[in-house]
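See structure below.
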Amino acid sequence: MEQHPQLLVYKASAGSGKTFTLAVHYIRQLIEDPYAYRRILAVTFTNKATAEMKERILEQLYGIATADEGSEGYLKEIQKTSTKSVEEIRESAREALRHIIHDYSRFRIETIDSFFQSVMRNLARELELGANLSIELNNTEVLSDAVDAMIEKLDRRSPVLYWLLEYIEERIVNDRRWDVSKDIKGFGQNIFDESYIEKGEGLRRKLADPNFIPSYRDELKSIREEVLEFMKGFSEQFTGLLEMHGLTPADLKNGSRGIGSYFN
């Protein structure tokens, strides 16, 4: 943790308790002033993180107020810096919870997108725009331009070039079109998904290793071959049972388009 006169910076990796630390810091402000939520803005990356943070704060305020054992960890952290007694802390938590519930619109924990949209809506009058202003990003166009720019700037030293060449070669072998830009743009839509935003840091760290993609593809290929071999055994057993009883796939329900088609 780094502390400056007006700035408190927490540095933590994934799964190290950031939500706990931030929730404690937020609740600490509420214990000192039950109306503090009105002047606090908490910004997250995803809707999931927003919901989790709101739920955590409300849950722990209730737990502290009602002396719930599950909130003892939060209470102990708050006691380290608060001059209030335990009963006073519980009363402040109770009061803050009541205020938030009855003034929920001012309990502002939101995504970056929501924050900027609210800023723009507040500026709508000065900008002579409608009050129901909404901001939308043309993700498809932005992504398309980004992919085209990436392909245009590739050089022989870039590991991305070799990944693309391998992919193109694989497509040609499988009698598919060699132009992969459309596929990349389609797959690239995943970066706008919340699940990618949550896991993006770990993925970028792995992709920094130029050997990651080739080794991962080899691993997937090995798994695929293993599964196909496993399923081949089922197919042989199935065919053997049919022959034993003098049957063919056409004798089964729906004929060759039924269950027998899975083993061809």
Scan (1) surrounded by 10 or more Cβ atoms within 10 Å (Cβ to Cβ); (2) modelled with pLDDT under 85; (3) under 30 Å from K48 (Cβ atoms) for the single condition Y262 breaks and write down its number. (3)
Can you find a residue in the stretch 18-28 that is farther than 30 Å from R205 by Cβ and within 31 Å of the chain's Cα centre (by Cα)? yes
Can you run down the residue pairs with Cβ atoms below 6 Å, 6 or more apart or on separate chains, where the first is in the stretch 31-49 and closer than 17 Å to R98 by Cα and surrounded by 19 or more Cβ atoms within 10 Å (Cβ to Cβ) and the partner is modelled with pLDDT of 90 or more and acidic (D, E)? P34/E95
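Residue under question is I191, and the condition is that it be assigned to a helix (DSSP H, G or I), in contact (Cβ under 8 Å) with a residue 40 or more places away in the chain and either surrounded by fewer than 15 Cβ atoms within 10 Å (Cβ to Cβ) or among the basic types (K, R) (or both); does it hold?
Values: assigned to a helix (DSSP H, G or I): yes; in contact (Cβ under 8 Å) with a residue 40 or more places away in the chain: yes; either surrounded by fewer than 15 Cβ atoms within 10 Å (Cβ to Cβ) or among the basic types (K, R) (or both): yes.
So I191 passes the test.
If I filter the stretch 68-100 down to residues being of a type in the set (V, I, T) and touching a residue at least 24 places away in the same chain (Cβ under 8 Å), which single residue comes out as surrounded by the fewest Cβ atoms within 10 Å (Cβ to Cβ)? Step through it out loud before you land on a result.
Initially, the stretch 68-100 is screened for residues of a type in the set (V, I, T), giving 78, 81, 83, 86, 89, 100.
Okay, now just the ones that are also touching a residue at least 24 places away in the same chain (Cβ under 8 Å), so 78, 81, 89, 100.
Values: I78: 24, T81: 11, I89: 21, I100: 20.
Per the stated criteria, the residue is T81.
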Considering the stretch 234-252 alone, what residues qualify as being surrounded by 10 or more Cβ atoms within 10 Å (Cβ to Cβ) and outside any helix (DSSP H, G or I)? L247, T248, L252
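Go through the stretch 204-233 and report how many residues are touching a helix residue (DSSP H, G or I) at 6+ places or on another chain (Cβ under 7 Å) and either hydrophobic (A, V, I, L, M, F, W, C) or in a loop (DSSP other than H, G, I, E, B) (or both).
The first filter runs over the stretch 204-233 and keeps only residues touching a helix residue (DSSP H, G or I) at 6+ places or on another chain (Cβ under 7 Å), leaving 206, 210, 212-213.
Now restrict to residues that are either hydrophobic (A, V, I, L, M, F, W, C) or in a loop (DSSP other than H, G, I, E, B) (or both): 210, 212-213.
Count: 3.
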Any hit, the stretch 169-177, residues being in contact (Cβ under 8 Å) with a residue 24 or more places away in the chain, surrounded by 13 or more Cβ atoms within 10 Å (Cβ to Cβ) and either within 30 Å of F116 (Cα to Cα) or not β-branched (V, I, T) (or both): no
Out of the stretch 101-113, which residues are touching a helix residue (DSSP H, G or I) at 6+ places or on another chain (Cβ under 7 Å), surrounded by fewer than 19 Cβ atoms within 10 Å (Cβ to Cβ) and closer than 15 Å to Q29 by Cβ? R106, F107
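Of these, S181, S235, S215, S222, which one is touching a residue at least 24 places away in the same chain (Cβ under 8 Å) and more than 26 Å from D148 (Cβ to Cβ)?
None of the other options fit; the residue is S235.
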Output the number of residues of the stretch 101-126 satisfying the condition of being among the aliphatic types (A, V, I, L, M) and either touching a residue at least 12 places away in the same chain (Cβ under 8 Å) or within 15 Å of L58 (Cα to Cα) (or both). 4
Would you confirm, using the coordinates I've provided, whether E55 is under 30 Å from F192 (Cα atoms), free of Cβ contacts under 8 Å to residues at least 40 places away in the same chain, assigned to a helix (DSSP H, G or I) and of a type in the set (D, E)? yes
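Please verify whether E225 is out of contact with any His (no Cβ under 7 Å at 6 or more places or on another chain), assigned by TED's automatic domain parsing to the domain that holds E170, loosely packed, with under 10 Cβ neighbours inside 10 Å and not β-branched (V, I, T), treating the condition exactly as stated.
On the way: out of contact with any His (no Cβ under 7 Å at 6 or more places or on another chain): yes; assigned by TED's automatic domain parsing to the domain that holds E170: yes; loosely packed, with under 10 Cβ neighbours inside 10 Å: no; not β-branched (V, I, T): yes.
No; evaluated as a whole, the condition is false for this residue.
Would you pick out the residues in the stretch 155-199 that are of a type in the set (G, A, S), closer than 30 Å to A49 by Cβ and in contact with a helix residue (DSSP H, G or I) (Cβ under 7 Å, 6 or more places away or on another chain)? Show your work before the answer.
So in the stretch 155-199, the residues of a type in the set (G, A, S) come out as 158, 181, 186, 188, 195.
Restricting the remaining residues to those that are closer than 30 Å to A49 by Cβ gives 186, 188, 195.
The answer is G188, and nothing else.
The values are calculated or read from the model by the stated rules, or taken from the named source; none is laboratory data. If you're wondering where the values come from, they're calculated on a predicted model, not measured in any experiment. Methodologically, a virtual Cβ is constructed for each residue, glycine included, from the backbone with ideal geometry; neighbour enumeration extends over all protein chains shown.
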